[in-house]
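Novice: Right, I'll just put the structure down here and ask away after.
Each reported figure results from applying straightforward, stated rules to the coordinates on display, with no laboratory input. Note that the coordinates shown come from a computational prediction; the quantities given were computed from them, not determined experimentally. Note: ideal-geometry Cβ built from the backbone for every residue, glycine included; neighbour counts use all protein chains shown.
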Amino acid sequence: MAQATNTVEAETRSYVTGLRCRLCRAEYPERPVAICEECFGPLEVEYDYAALVRVISRELIASRPPTMWRYRELLPLGVPPRVGAETGYTPLVPAPRLGAALGLKNLYIKNDGVCHPTLSFKDRVVAVSLSKACEFGFDTVGCASTGNLANSVAANAARAGLKAYVFIPEMLEQAKILGTQIYGARVIAIRGTYDDVNRLCSEIVYTLNWGLVNVNLRPFYSEGSKTVGFEIAEQLGWRAPDAVVVPMAGGSLLTKIHKSFAELQHLGLIPPARPRLFGAQARGCNPIVAAIREGSEEIRPVKPRTIAHSLAIGDPADGYFAMRAIRESGGWAEDATDEEIREGIRLLAETEGIFTETAGGVTVAVTKKLAEQGRLSPDETIILTITGNGLKTMEALTASPPITIAPKIAEVERLLREGI
Amino acid sequence: MSVTVRIPQPLRRFTENRDVIELSAGTVGELLEQLERQYPGITERLREPDGQLRRFVNIYVDGEDIRFLSGLATEVRDGTEVSIIPAIAGGSESVLRC
C-alpha cells in the first residue's frame with residue numbers, strides 16, 4: 001500500500017481549469033461554491049482536455065492500483081487524496097442467473113454494495129469531496145443525506161480528523177443512523193423529508209464556514225461518480241456497454257455515468273458508442289420517471305412515500321439533467337412499487353448471491369420491466385448499477401422464523417422427508 | 001404587519017446586504033413585484049423574461065415549496081414568512097458534445 005500511495009503522490013497534478021456555470025457559462029476559479037452568482041445555475045468542474053488527451057492512456061491507467069484514483073487525471077484534485085485512497089474499483093460481476101430470470105443474456109452487476117469503506121457508491125464522491133475539503137482548509141464538514149452519504153462522510157471525516165455534522169430526515173433506517181454515529185459524527189435529524197434537510201443545508205453554507213459535501217462542495221463531489229462509469233468501461237475491456245440501469249435519487253449518478261462515457265470517448269480510451277441510460281425510481285417518489293413518461297421539460301416535485309429511503313428525494317437536484325441525459329442517450333425511466341422493490345432484492349440475492357439495499361431492489365425491478373417492455377434486448381451488454389448494501393436496510397424485509405429442531409440426525413431426516 | 005421575505009446571500013448585494021425584508025402583498029407574484037420596486041434588478045435573477053421562476057430558484061411560503069401550493073399565485077398574508085432559496089444542483093449535460 002505504501003508503494004501505491006507514493007505512486008499517487010508522484011503523479012498527482014490537476015487538470016482542472018476552473019468552474020463554469022452550466023446555464024450562463026460564467027467562469028469561476030476553483031473554490032467551494034456550487035451556484036452561479038449571476039443566474040443561480042449549477043457550477044461544473046472544467047478540465048484541460050487538450051492536455052489530458054496527451055497524458056492519459058489505457059496503459060497508464062492499467063499500471064495503477066485497483067482504486068478509483070487510477071483515473072485521477074479526470075478527477076478534480078490537485079494533491080494526493082487525503083481520504084479514500086483505497087476506494088473504488090468494485091467488482092463487475094457477470095449475472096447469468098439473474099439474466100436468465102429476466103431474459104437478458106449479457107447482464108452484469110456493478111457491485112458498489114462492497115465499496116470501501118462504507119459499502120455504497122457514496123464512498124467515491126466523499127473520497128473526492130473530503131479530500132477537496134482538506135485542500136480548501138475546512139476543519140468541519142458535513143452533508144444532507146438519506147443515509148449512505150451520512151455513513152461515508154462520517155467514516156471518512158473520522159479518518160481525516162475532521163469534525164462532521166450530518167443532517168438526515170427523521171425517518172431513516174436504524175443501521176444508517178448507527179452507522180453514522182459510530183464514527184463520532186454529530187447526527188442531526190430534521191423534522192421533515194430529505195428535501196427539507198437539503199434546503200436547510202443550502203442555507204447553512206451561507207452562515208457557517210463548513211464544507212458540506214453535496215452543497216458547497218457539490219461540483220467536486222459529483223465528479224467522483226464518474227469513476228463508476230470509467231470502471232464499467234475498463235472492466236468490459238475498454239468499451240461502453242449498450243445500456244446501464246441506474247437508480248435515481250437526486251439524479252447525479254446517472255448524469256455523471258453519462259459524462260464518464262463521453263469523456264472516455266473524447267480521450268480516445270473507448271471506441272465511439274452510444275450507451276443508453278435508464279433511470280430507476282420508486283413508485284412512491286418518481287418525479288424524474290413522471291417527466292420522462294409525460295415528455296415534460298419540467299420536473300414536478302413530489303412528497304416521497306417509499307421504503308427506498310435512499311432514493312426518497314422528492315425535488316431531485318439533478319432531475320433536469322438526468323432527464324436530458326436519459327433522452328439524449330435514447331434511454332427511458334421506470335418505477336417500482338414497494339412490493340416490487342422487495343421482490344427485486346430477493347431475486348438478486350437468490351440468483352447472484354448479492355444482497356442489495358432497497359435502491360438496488362428498485363434497479364432490479366425496473367430492469368425486469370424494461371426487459372418486458374422490450375426496451376432492453378436479450379443480446380445487449382447491460383449493466384445494473386447496484387449502489388448500496390442490503391445489510392443497511394434490513395427493516396424493509398421480514399425474516400421468516402427459522403425451523404428449530406433438536407441436534408439429532410433423525411430430526412434432519414424427518415425434515416427432509418417432509419420436503420423441507 | 002407585513003410579510004417577511006428572507007433574502008439568500010447571493011442576492012443581498014441588491015438589498016444593501018439586508019437578509020430580511022418586510023413587504024405587503026397578497027400573493028408571491030405581487031411580493032416579487034414589490035421587491036423589484038424596492039430593489040430594482042433583483043427579480044431579473046429570479047424570473048425568466050416570461051415571468052416564470054428560474055429553474056434553480058425555489059420559493060417557500062411558511063416552509064412549503066410554492067410548487068406544492070399555487071406557485072406565484074400562492075396567497076400570503078400578514079405574518080407569512082417567505083424564503084427565496086437557490087436550488088443546489090450538480091449539473092452535467094454532455095459537456096463534451098463536440
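Novice: Could you work out the helix-only [θ] at 222 nm for the protein assembly as shown, with each DSSP H run of four or more residues adding -39,500 (n - 2.57) and the total divided by the number of residues, to the nearest 500 deg cm²/dmol?
Specialist: About -10500 deg cm²/dmol.
Novice: Pop out the ³J(HN,Hα) list for the stretch A:108-122 in order, Karplus 6.51 cos²θ - 1.76 cosθ + 1.60 with θ = phi - 60°, rounded to Hz; leave Gly and Pro as x.
Specialist: 10, 10, 8, 9, 7, x, 10, 5, 8, x, 10, 6, 8, 5, 5
Novice: Same structure again: When only Cα pairs under 8 Å and 6 or more residues apart are kept, what is the percent relative contact order across chain A?
Specialist: Computed value for chain A: 15 percent relative contact order.
Novice: Testing the spin-label approximation: label points 7 Å from Cα along Cα→Cβ at B:D62 and A:E27. State their distance in nm.
Specialist: Inter-label distance under the simple model: 4.8 nm.
Novice: Using all alpha carbons of the protein assembly as shown, what is the percent of pairwise distances in each 20 Å bin, ordered from the shortest bin to the longest?
Specialist: Whole-percent P(r) values from 0 Å outward: 23, 55, 20, 3, 0.
Novice: Here's a follow-up. Below 10 angstrom from the Cβ of B:E48, what's the summed charge of the other residues (Lys, Arg +1; Asp, Glu -1)?
Specialist: Charge balance in the 10 Å sphere: +1.
Novice: Another question, then. List, in order, the whole-Hz ³J(HN,Hα) value for each residue of the stretch A:291-299 obtained from phi through the Karplus relation with A = 6.51, B = -1.76, C = 1.60 and θ = phi - 60°; use x for Gly and Pro.
Specialist: Result, ordered by residue: 5, 5, 4, 7, x, 8, 8, 9, 9 Hz.
Novice: Net charge around A:E298, counting only other residues with Cβ within less than 10 Å of its Cβ (Lys, Arg = +1; Asp, Glu = -1)?
Specialist: +1
Novice: DSSP loop (so not H, G, I, E, B), at most 10 other Cβ within 10 Å: list which GluC sites (Glu not before Pro) in the stretch B:1-58 pass both filters.
Specialist: Values: sites: B:E16, B:E22, B:E30, B:E33, B:E36, B:E44; in loops: B:E16.
Qualifying residues, ordered by number: B:E16.
Novice: In what order do A:K408, A:K392, A:K163 fall by count of nearby beta-carbon atoms within 10 Å, going from fewest to most?
Specialist: Fewest-to-most Cβ neighbours within 10 Å comes out as A:K408, A:K163, A:K392.
Novice: While we're here: So which trypsin sites (Lys or Arg not before Pro) in the stretch A:250-352 are both in a DSSP loop and have at most 15 other Cβ atoms within 10 Å of their Cβ?
Specialist: Loop-located and lightly packed - A:R305.
Novice: Please determine, in degrees from 0 to 90 and to the nearest 10, the orientation of helix A:338-352 with respect to the longest principal axis defined by the Cα atoms of chain A, where the helix direction is its Cα long axis.
Specialist: With both axes taken from Cα atoms, the answer is about 80 degrees.
Novice: Per residue of the stretch A:40-45, what does 6.51 cos²θ - 1.76 cosθ + 1.60 with θ = phi - 60° give for ³J(HN,Hα)? Whole Hz please, x for Gly and Pro, Karplus curve as stated.
Specialist: Couplings: 6, x, x, 9, 10, 5 Hz.
Novice: Could you check which residue among A:P219, A:P96, A:P32 shows the biggest mean-square fluctuation in a GNM of chain A with a 10 Å Cα cutoff?
Specialist: Greatest mean-square fluctuation among the candidates belongs to A:P96.
Novice: Between the DSSP loop rule and a limit of at most 12 other Cβ atoms within 10 Å, which GluC sites (Glu not before Pro) in the stretch A:90-180 are left?
Specialist: A:E170
Novice: Check A:A333: other-chain or 5+ apart residues with amide H under 5 Å from its amide H, H built from backbone geometry?
Specialist: A:G279
Novice: Helix A:2-11 versus the longest principal axis of chain A: what is the Cα-based angle in degrees, 0 to 90, to the nearest 10?
Specialist: The helix A:2-11 is inclined about 40 degrees to chain A.
Novice: Could I ask something else about it? Please order B:D19, A:D123, A:D195, A:D335 by the number of other Cβ within 10 Å, starting at the fewest.
Specialist: B:D19, A:D195, A:D335, A:D123
Novice: A further question on this structure: Roughly how tilted is helix B:28-38, in degrees to the nearest 10 and between 0 and 90, from the longest Cα axis of chain B?
Specialist: Approximately 80 degrees, to the nearest ten.
Novice: Let me ask something additional. Once amide H atoms are built 1.01 Å from N in the peptide plane, which residues 5 or more positions from B:R47, or in another chain, come under 5 Å H to H?
Specialist: B:R54
Novice: Where nothing but the Cβ of Lys and Arg (+1) and of Asp and Glu (-1) is charged, how large is the charge dipole of chain A around its Cα centre, in debye to the nearest 20? The partial results should precede the final answer.
Specialist: On the way: 46 positive and 48 negative charges, 55 e Å.
Using Cβ point charges on Lys, Arg, Asp and Glu, chain A gives about 260 debye.
Novice: What net charge do the residues around A:L254 carry, taking every other residue with its C-beta under 11 Å from that of A:L254, with Lys and Arg at +1 and Asp and Glu at -1?
Specialist: Spelling it out: positives minus negatives among the neighbours equals +2.
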